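Notes follow the structure.
The values are calculated or read from the model by the stated rules, or taken from the named source; none is laboratory data. These numbers were taken from a predicted model, which means no experiment stands behind them. Ideal geometry is used to build each Cβ from the backbone, glycine not excepted, and the neighbour counts take in all protein chains shown. Quick note on the areas: whole protein, heavy atoms, side chains included, nothing else; ligands and nucleic acids left out. Shrake-Rupley method; radii C 1.70, N 1.55, O 1.52, S 1.80 Å.
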Amino acid sequence: MELTNEIQRRRTFAIISHPDAGKTTLTEKLLLFGGAIHVAGAVKSNKIKKTATSDWMEIEKQRGISVATSVMGFDYESYKINILDTPGHQDFAEDTYRTLTAVDSVIIVVDIAKGVEAQTRKLMEVCRMRKTPVMIFVNKMDRDGKDPFDLLDELEQELQVQVRPLSWPIEMGVKFKGVYNIYEEKLDLYKPSKQTITESVQIKQVNGPELERHVGSDLAGKLRADLELIEGVYPAFDIPAYLAGNLAPVFFGSALNNFGVKELLDCFVRIAPSPRPVSADERRVVPEKDAFSGFIFKIHANMDPNHRSCIAFLKICSGKFERNVNYKHVRFDKMMKFSQATAFMAQKKETVEEAFAGDIIGLPDTGNFKIGDTLTAGEILHFKGLPSFSPEMFKYIENADPMKSKQLNKGIDQLTDEGVAQLFTNRFNGRKIIGTVGQLQFEVIQYRLLHEYGAQCRWEPIHLYKACWIESDSKEALENFKKRKQQYMASDKEDRDVFLADSSYVLQMAQQDFPEIHFHFSSEF
Ligand code: G4P
């Protein structure tokens, strides 16, 4: 019973947004509510990730800081909340994609003035693919922005998900009066304040005279008309549809002014899912019923280049993890126990005695883990849903110091296991290609190869549009394609077939000319 309660009170989620929409500010306010921090500004070290500079110090700093802020756990009411940080810097999107494989739901922050931006659109694709329940917080209502109805249309179109407002703003910018909380049927009046909690007024009936008293007759009339329109146009809020990832509730507020944040949090803890069953190749794993299991979704290298020690982040999928108990490392078929696993409680790290499904723990690692590895109480399980996505940038990696080719190969192997970037080997000429989602990752790799492995690499340009994982029901068609396109065929680290398309036109033509071949932009299909 204790186990079931512990698991069901857990809410593990990520906040995603385009840089500058207000993710850090919102995270900080959530931590304030949870009592996890006491002053605003404590999460600001996070900010460093946004600096676009690619100077080496920054790389070092980013690696250090993001361990501390990677997972923030705290208690709120009877719930245990785990927020997973998704680096906002666009160069780190690969890491962000993978973080999404470890959460049970997502809150998207959108700036009222900017609407849906590129990064959010991309991350939402992953949520859609995984059917992750999504809640949307429209931020910066204290500033002028888009008409809320237009914004809802934009959210629906751009994010390809049905939306349903659960709160509604009364004006915005300097005229911003507050929001009507549709979910709880109360009016929250806006007072700009960075620390205090919103003043709420219970309104029994939006049609009564009470509303006029607070916002005046013009705005009361407009709010009633808006609410009527919402009821007419949008589907009724349906929790199962939200949990299935088909319907996204929308809240409006201002994270900076701590407005609308508690309402979001209160609704979130009530309706967001606790850890859900996870599919493995072998079977479905049920958090409350099954013995301990979990998978590694992120590996973080240590700051100290002399000791290649890392922290491997494990998401617990089922059961309970205990300190110093033997667990099976499935890929090695070997039992291991951990005396120094860390839990992440807000800003500090603690040694874990026990942790439950939904929690993230950090395992000290000296090269034993790679992304996707499974730990279990003894069973052989391989979790699904940890795909690689097609990188956006590609370069040939060449050895710049012929005496150190062994070190270089080892470094490339380990760094790509860690998920820093993806490695493809061109089958035609044997050259190694590194694929990333941002320019900075190339610099990080070059720097780490030198400092951690004593190897030197050189980048050479290669013009590529996408890496597509290919398959076909017809073995013959597949072989024919591979033969015809042999110059463009590569293997990923698992030796899967990858087609390197050098332009969208080439890809389109290939799709047209070879209808029996399926082209995928992620490695799991
Ligand atoms: P991010 O993590 O998504 O990148 O965004 P972050 O929270 O850092 O917020 C980006 C900027 O937007 C910050 O201003 C922040 O203060 C501001 N901001 C966040 N929420 C609101 C809001 O509700 N209203 C208004 N008006 N601004 C908001 P900055 O000038 O870049 O940083 P700072 O000097 O304030 O720290």
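Among the helices (runs of 4 or more DSSP H) confined wholly to the range 424-525, which include 1 or more residues that are open to solvent by 10 Å² or more (accessible area, probe 1.4 Å), closer than 20 Å to residue 392 by Cβ and of a type outside the set (D, E, K, R)?
In the range 424-525, the matching helices (runs of 4 or more DSSP H) lie at 439-453, 504-513.
Which of the residues spanning the range 399-428 are under 25 Å from residue 368 (Cβ atoms) and of a type in the set (A, V, I, L, M)?
408, 412, 415, 420, 421, 423
Which residue out of 68, 93, 36, 113 is open to solvent by 20 Å² or more (accessible area, probe 1.4 Å), over 23 Å from residue 264 (Cβ atoms) and either modelled with pLDDT of 75 or more or away from the ligand (no atom under 12 Å from the Cβ) (or both)?
Answer to the check: 68.
Just a yes or no: is a residue in the range 97-120 within 20 Å of residue 277 (Cα to Cα), out of contact with any strand residue (DSSP E or B) (no Cβ under 9 Å at 6 or more places or on another chain), outside the structural domain of residue 420 (by TED's automatic domain parsing) and not in a loop (DSSP other than H, G, I, E, B)?
There is no residue in the range 97-120 that is within 20 Å of residue 277 (Cα to Cα), out of contact with any strand residue (DSSP E or B) (no Cβ under 9 Å at 6 or more places or on another chain), outside the structural domain of residue 420 (by TED's automatic domain parsing) and not in a loop (DSSP other than H, G, I, E, B).
Can you name every residue in the range 271-289 that is more than 21 Å from the chain's Cα centre (by Cα) and open to solvent by 30 Å² or more (accessible area, probe 1.4 Å)?
281, 282, 283, 284, 286, 288, 289
Those residues that are crowded, with 20+ Cβ neighbours inside 10 Å, modelled with pLDDT of 90 or more and under 19 Å from residue 274 (Cβ atoms), I need them from the range 330-371; list them, please.
355, 356, 357, 358, 359, 360, 361
Can you tell me which of 17, 45, 78 is at pLDDT below 80 and either hydroxyl-bearing (Ser, Thr, Tyr) or more than 16 Å from the ligand (Cβ to nearest atom) (or both)?
Sole residue among the options that is at pLDDT below 80 and either hydroxyl-bearing (Ser, Thr, Tyr) or more than 16 Å from the ligand (Cβ to nearest atom) (or both): 45.
Here's the yes/no breakdown for (1) under 28 Å from the mean Cα position of the chain (by Cα); (2) at pLDDT below 90; (3) within 16 Å of the ligand (Cβ to nearest atom); (4) of a type in the set (A, V, I, L, M):
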| site | (1), (2), (3), (4) |
| --- | --- |
| 143 | yes, no, yes, no |
| 149 | yes, no, no, no |
| 166 | yes, no, no, yes |
| 176 | no, no, yes, no |
| 184 | no, yes, no, no |
| 202 | no, yes, no, no |
| 230 | no, no, no, yes |
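Would you say residue 321 is surrounded by 16 or more Cβ atoms within 10 Å (Cβ to Cβ) and in contact with a Ser or Thr (Cβ under 9 Å, 6 or more places away or on another chain)?
no
From (1) modelled with pLDDT of 55 or more; (2) open to solvent by 20 Å² or more (accessible area, probe 1.4 Å); (3) among the small types (Gly, Ala, Ser), pick out the condition that doesn't hold for residue 52.
(1)
Looking at (1) in contact with a strand residue (DSSP E or B) (Cβ under 6 Å, 6 or more places away or on another chain); (2) buried (at least 19 other Cβ atoms within 10 Å of the Cβ); (3) modelled with pLDDT of 90 or more, which one does residue 234 not meet, given that it meets all the others?
(2)
What residue, of 208, 216, 260, is open to solvent by less than 20 Å² (accessible area, probe 1.4 Å) and out of contact with any Asp or Glu (no Cβ under 9 Å at 6 or more places or on another chain)?
Just one listed residue meets the conditions, 208.
Name the one entry in 496, 484, 448 that is charged (D, E, K, R) and touching a residue at least 60 places away in the same chain (Cβ under 8 Å).
The match here is 448.
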